[in-house]
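The values are calculated or read from the model by the stated rules, or taken from the named source; none is laboratory data. Keep in mind the model is a prediction, meaning the values are calculated, not measured. FYI the Cβ positions are ideal-geometry reconstructions off the backbone, even for glycines, and counts take in every protein chain you see.
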């Protein structure tokens, strides 16, 4: 039955595979076809954009060339006028001779300098006349100078003129003499014409069509072609084409596909303006060979894709069965791996798996939390170096399978139970597995329970002893008062009264001690209230500020958590006053007390009370919370015992960390919302 179901599932998967293959083939062929159209359109858009930019560039360059020609001709005019002005000044001074004019023409590269009288007769010249005088020298007729002869103008820009008796062109200007004659200065204009031919609009169009992607370029107005290149003999007239007329009328950049000498071209038209006046249309014909190349390339791609799809289909059918088996195996492996990893990640014990050559390979969530390191930081490192980093002692022995070690983790002393085992497999030689359980909290709770039991026993003993002693003490107190009042000895009366007074005072002192015993044995019920923890420690700081300043001790308060707690304020104040006083007693000038408040786990607050004093010797640390144990000459040995009891009443615990010469740290962990214990 299972085999039949598996076979049906295989057939269904094959059918799905065929459908998927057909869909992919259709999708790829469709995408190639769509790409053909998109690529064509994108190329057309790009060609239009480039043509627009090119047209604007050509038009801008043309405008600049025209402007440059005008400026160049203005410079020529200024040069000729300056020379004519110099000659005019010399003429007024009577210094002009034919020889002087010839020298000026030679020095200033002038073609001819002629001076005419008011009747148009040449009276001075730089070159000997080569033709009859009545032919007007280098001009077509003396009528050109008539505005000067008639007094209508003092300056004439004759400009560019074709020579009458010689090939070539001249550029000339004329100034009036005081007698209404004319000083005519001209230069050979062949260089000007050559410059126009080199950088003129026609030259620009000729260079433009040297680009293989440009078929033709032309400037056209409503009357016909103004300038063109690219073997342009005839183009559609503007008035005969709505497309061209619309572009000229509305000043639009337009593009279209059209025929030019049996070639399909993409033609773009752009209005041509100069100094705000419409000159005509700039028409640019672009080759469409790139579009045809894209079509050929896409067609080849479709053929190649079809062949590849056939080969891929054959390969897919060949690998289908192998793939199905691999999927089943992989699925089973994934289930097992996921199950195992979930177990490793969710167990409360830290688990570290390391290879002999490749170092740590598995570092679960509990291990990250215990050591304060992420798996990413430790994967690949040697497990021995990791334990050495945390100063674990004693060191892990290769022969012992279970060991209890002490490590310094994140600044705290932790007690760890380490279980070690080895797994030898062909794929993982030397695989070592460590299961680590944190016994620190258990050790602290055991120590706290032991201290609580000792304090309870001592309190019960103190209560019993107090009841047995208070009655005799009361009788002694009453008798000694009566003797001091009613009995007067014959001798040494003053000494007698002093002794009875001392006896009475000592009895009272013993009675107060017994009352302290009773208060310790039967503590008052807690008065829980809600208050702000930052305000609580700020008040403690203000209370001890004068003493700290007097002794030169610095108090650092670090509030990493600033919430509210529900504690017995007075009793907790007694706890930190005892710790503060003990620290002040052992610190010298420039000593430091640091109080750090942070949020702990499971709704607790952790207070680290630290000083940099001389520290507590190891042999004393185990008895530091015992009642009446003290190392101070004037100490009572009650303070830390009371601290231990109050913390215990709040459902918390206190832990001591100290090294001689490195200071002392009391770590107090108390629930945020303490419950009163009975």
(1) out of contact with any helix residue (DSSP H, G or I) (no Cβ under 6 Å at 6 or more places or on another chain); (2) surrounded by 15 or more Cβ atoms within 10 Å (Cβ to Cβ) all hold for residue 575 apart from (1)
Margin query: When you check residue 595 against the structure, is it farther than 30 Å from residue 474 by Cα, modelled with pLDDT of 90 or more and not in a helix (DSSP H, G or I), yes or no?
Written below: yes
Original post:
On the given criteria, is residue 587 farther than 25 Å from residue 649 by Cβ and touching a strand residue (DSSP E or B) at 6+ places or on another chain (Cβ under 7 Å)?
Top reply: yes
Within the stretch 139-159, the residues that are exposed (fewer than 14 other Cβ atoms within 10 Å of the Cβ), in contact with a helix residue (DSSP H, G or I) (Cβ under 9 Å, 6 or more places away or on another chain) and at pLDDT below 70 are 141
Picked from the stretch 560-592 (must be under 43 Å from the mean Cα position of the chain (by Cα) and assigned to a strand (DSSP E or B)), the residue nearest to residue 527 (Cα to Cα) is 565
Apart from one, (1) within 30 Å of residue 46 (Cβ to Cβ); (2) modelled with pLDDT of 75 or more all hold for residue 298; the odd one out is (2)
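How many residues are touching a helix residue (DSSP H, G or I) at 6+ places or on another chain (Cβ under 8 Å) and either under 24 Å from residue 674 (Cβ atoms) or part of a strand (DSSP E or B) (or both) if we restrict to the stretch 545-559? Working first, answer last.
First pass over the stretch 545-559, keeping only residues touching a helix residue (DSSP H, G or I) at 6+ places or on another chain (Cβ under 8 Å): 547-548, 551, 553-555, 557, 559.
Checking which are either under 24 Å from residue 674 (Cβ atoms) or part of a strand (DSSP E or B) (or both) leaves us with 554-555, 557, 559.
So the count comes out to 4.
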Scanning the stretch 411-432 for residues that are at pLDDT below 75 and touching a helix residue (DSSP H, G or I) at 6+ places or on another chain (Cβ under 8 Å), the one surrounded by the most Cβ atoms within 10 Å (Cβ to Cβ) turns out to be 414
Looking across the stretch 160-185 at residues that are part of a loop (DSSP other than H, G, I, E, B) and at pLDDT 85 or above, the single one that is nearest to residue 150 (Cα to Cα) is 180
Note on residue 86: of the conditions (1) surrounded by 12 or more Cβ atoms within 10 Å (Cβ to Cβ); (2) without any contact (Cβ under 8 Å) to a residue 24 or more places away in the chain; (3) within 60 Å of the chain's Cα centre (by Cα), unmet is (3)
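Quick grid of which residues meet (1) surrounded by 13 or more Cβ atoms within 10 Å (Cβ to Cβ); (2) at pLDDT 75 or above; (3) on the phi > 0 side of the Ramachandran plot:
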| site | (1), (2), (3) |
| --- | --- |
| 6 | no, no, no |
| 9 | no, no, no |
| 19 | no, no, no |
| 27 | no, yes, no |
| 40 | yes, no, no |
| 43 | yes, no, no |
| 54 | yes, yes, no |
| 62 | yes, no, no |
